[in-house]
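The values are calculated or read from the model by the stated rules, or taken from the named source; none is laboratory data. What you see is a predicted model, and the numbers here were worked out from it, not measured in a lab. All Cβ positions, even for glycine, are placed from backbone atoms using ideal geometry, and neighbour counts span all protein chains on display. Quick note on the areas: whole protein, heavy atoms, side chains included, nothing else; ligands and nucleic acids left out. Shrake-Rupley method; radii C 1.70, N 1.55, O 1.52, S 1.80 Å.
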Amino acid sequence: MMKLFLLIGSLNAFLSVALGAFGAHYLKQRIPDKIDVFQTGVQYHMIHAIALILIALLSDKLANSSMVNASGWAIFIGIILFSGSLYALSLTGLKFFGPITPLGGLSFLVGWILLAVAAYK
């Protein structure tokens, strides 16, 4: 799992930088009223991409690796739901994506709690 989370984290960090540049250089003039929503997605995307890289590094160090792995999957799902819904909301303006964002936030919280429990055990 270590290599998988390192790969997923690295690819998500790359994607976060690319989307941040896309937002700053292309979208800023095209969706000025929604660029803050897009940038929030980018910020949380990068923070949690780095978290996935840290989880990859910790997966061999902590005894409870199944809980660490579950933490990584929860955080990855959080990136998809939270950041993905913010990207979609800002780009399309469809309110449908708004209620998905808190599910991603909840997934982030679950991931962090699972990592804390794994560290405690």
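Gln43 falls short on exactly one of the conditions (1) closer than 24 Å to Leu7 by Cβ; (2) touching a helix residue (DSSP H, G or I) at 6+ places or on another chain (Cβ under 7 Å); (3) modelled with pLDDT of 95 or more; (4) open to solvent by 50 Å² or more (accessible area, probe 1.4 Å), and that condition is (2).
Looking at Leu109, Leu103, Leu58, Leu81, which one is buried (at least 16 other Cβ atoms within 10 Å of the Cβ) and modelled with pLDDT of 95 or more? Walk me through how you get there before you give the answer.
Values: Leu109 fails: buried (at least 16 other Cβ atoms within 10 Å of the Cβ); Leu103 fails: buried (at least 16 other Cβ atoms within 10 Å of the Cβ); Leu58 fails: modelled with pLDDT of 95 or more.
Unique residue meeting the criteria: Leu81.
Identification of helices (runs of 4 or more DSSP H) wholly contained in segment 1-99 with 3 or more residues that are among the aromatic types (Phe, Trp, Tyr) yields 2-22. Here Val42 fulfils each of the conditions (1) within 9 Å of the chain's Cα centre (by Cα); (2) closer than 17 Å to Val110 by Cα; (3) aliphatic (A, V, I, L, M) apart from (2).
For residues in segment 86-100 being touching a residue at least 40 places away in the same chain (Cβ under 8 Å) and touching a Gly at 6+ places or on another chain (Cβ under 9 Å), which is least open to solvent (accessible area, probe 1.4 Å)? Explain how you work it out, then say what you get.
Let us first name the residues in segment 86-100 that are touching a residue at least 40 places away in the same chain (Cβ under 8 Å), namely 86-87, 89-91, 93.
Next, from what is left, pick out any that are touching a Gly at 6+ places or on another chain (Cβ under 9 Å): 86-87, 89-90.
Details: Leu86: 18, Tyr87: 25, Leu89: 36, Ser90: 3 Å².
Across segment 86-100, the extreme among qualifying residues is Ser90.
Checking each residue in segment 21-40 for being open to solvent by less than 30 Å² (accessible area, probe 1.4 Å) and in contact (Cβ under 8 Å) with a residue 40 or more places away in the chain picks out Leu27, Ile31, Ile35, Phe38.
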